[in-house]
1. Can you tell me which residues in the range 69-93 are over 27 Å from residue 135 (Cβ atoms) and touching a strand residue (DSSP E or B) at 6+ places or on another chain (Cβ under 7 Å)?
2. Given (1) surrounded by 15 or more Cβ atoms within 10 Å (Cβ to Cβ); (2) more than 26 Å from residue 10 (Cβ to Cβ); (3) free of Cβ contacts under 8 Å to residues at least 40 places away in the same chain; (4) away from the ligand (no atom under 11 Å from the Cβ), identify the lone condition not met by residue 183.
3. Contact list please: Cβ distance under 8 Å, first residue in the range 108-120 and outside any helix (DSSP H, G or I), second residue surrounded by 12 or more Cβ atoms within 10 Å (Cβ to Cβ) and modelled with pLDDT under 95, pairs at least six apart or on different chains.
4. Is it fair to say residue 57 is in a helix (DSSP H, G or I), loosely packed, with under 14 Cβ neighbours inside 10 Å and either free of Cβ contacts under 8 Å to residues at least 60 places away in the same chain or more than 9 Å from the ligand (Cβ to nearest atom) (or both)?
5. Residues that are in a helix (DSSP H, G or I) and within 14 Å of the ligand (Cβ to nearest atom): does the range 164-180 have at least one?
6. I'm trying to understand the selection: among the residues of the range 221-252, which are closer than 30 Å to residue 12 by Cα and not in a loop (DSSP other than H, G, I, E, B)?
7. Pairs please, first residue from the range 21-47 and over 30 Å from residue 228 (Cα atoms) and part of a strand (DSSP E or B), second anywhere and away from the ligand (no atom under 13 Å from the Cβ) and at pLDDT 95 or above, Cβ atoms under 6 Å, 6+ apart in sequence or on different chains.
8. Would you be able to tell me the number of residues in the range 122-147 that are more than 16 Å from the ligand (Cβ to nearest atom) and more than 15 Å from residue 102 (Cα to Cα)?
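The values are calculated or read from the model by the stated rules, or taken from the named source; none is laboratory data. Being a predicted model, the structure only gives us computed values, none of them experimental. Note that each Cβ is placed from the backbone with ideal geometry, even for glycine, and that neighbours are counted across all protein chains shown.
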Ligand SMILES: NC(=O)c1ccc[n+]([C@@H]2O[C@H](COP(=O)([O-])OP(=O)(O)OC[C@H]3O[C@@H](n4cnc5c(N)ncnc54)[C@H](OP(=O)(O)O)[C@@H]3O)[C@@H](O)[C@H]2O)c1
């Protein structure tokens, strides 16, 4: 069996990969505080790259050289615990055009246990989706309104003119700021809508927004044992200097010697302080 090693907290122990992040029981925190518990998860190279340029189109993509099924398993365990996933207009567009799939892949046989887990918790099969957008240029994937799932779009008052069109397509627009989306407003609105366990899967700009707004509660980072180099690239966070810096404390750390064909990777989680 290809176990991972828990390195922190001590004493360390060997354990199966499967269930590692489910065991973090993320649903308890929002329920206890009646505020949304917001967590994100990123895989990065040792030189801090989370995305590199796409080959044939403009824009960025997750580097194929660091993506791997063992990290993906843990990503899915985090998605399975969510009431709502914050994604991006880029993902919605890729989804509407058939280039990517559902974020939580409960229909895949390897994740059937996560589907059963949601059912046992009394959760709907899929989390709802939200995005934060200023451009409001995207197509709503047909599966969302068809399955009765909610799509919430956090926008600014400056875009109020486009609201009717999006709502006709099945999205719910919430104006969460005048010229800038306010992260505090997003967090408050999510809690009021009853989304207490919220998984952030958007990229480094949205992460910057939520860190700057002080609403990120936990960050999961996978450090893949590879150095990629190359320009341009996206780092974990893209945006202005965070002042004050966002402080975190180490929650748990695991070493996976089997990921990336035996190169290995670290799985770390951090709490805000
Ligand atoms: N390695 C990893 O674990 C990982 C994880 C996540 C993403 N990524 C990669 O990161 C890249 C970028 O991801 P992404 O496009 O999902 O996310 P992003 O760079 O965080 O930004 C996505 C969109 O969010 C909106 N946005 C960001 N900040 C905003 C603000 N302050 N106010 C209003 N809207 C704001 C913009 O939408 P509009 O354009 O609609 O205005 C922006 O295009 C992708 O290549 C992805 O593969 C990697």
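1. Initial filter on the range 69-93 (over 27 Å from residue 135 (Cβ atoms)): 69-74, 76-78, 80-81.
Selection gives 70, 71, 74, 78, 81.
2. (4)
3. Close Cβ pairs (under 8 Å, with a partner that is surrounded by 12 or more Cβ atoms within 10 Å (Cβ to Cβ) and modelled with pLDDT under 95) do not exist here.
4. Here the answer is no, as residue 57 does not meet what is asked.
5. yes
6. 221, 222, 223, 224, 248, 249, 250, 251, 252
7. What qualifies is 37/29; 37/30; 37/197; 37/217.
8. Looking only at that region, the number is 2.
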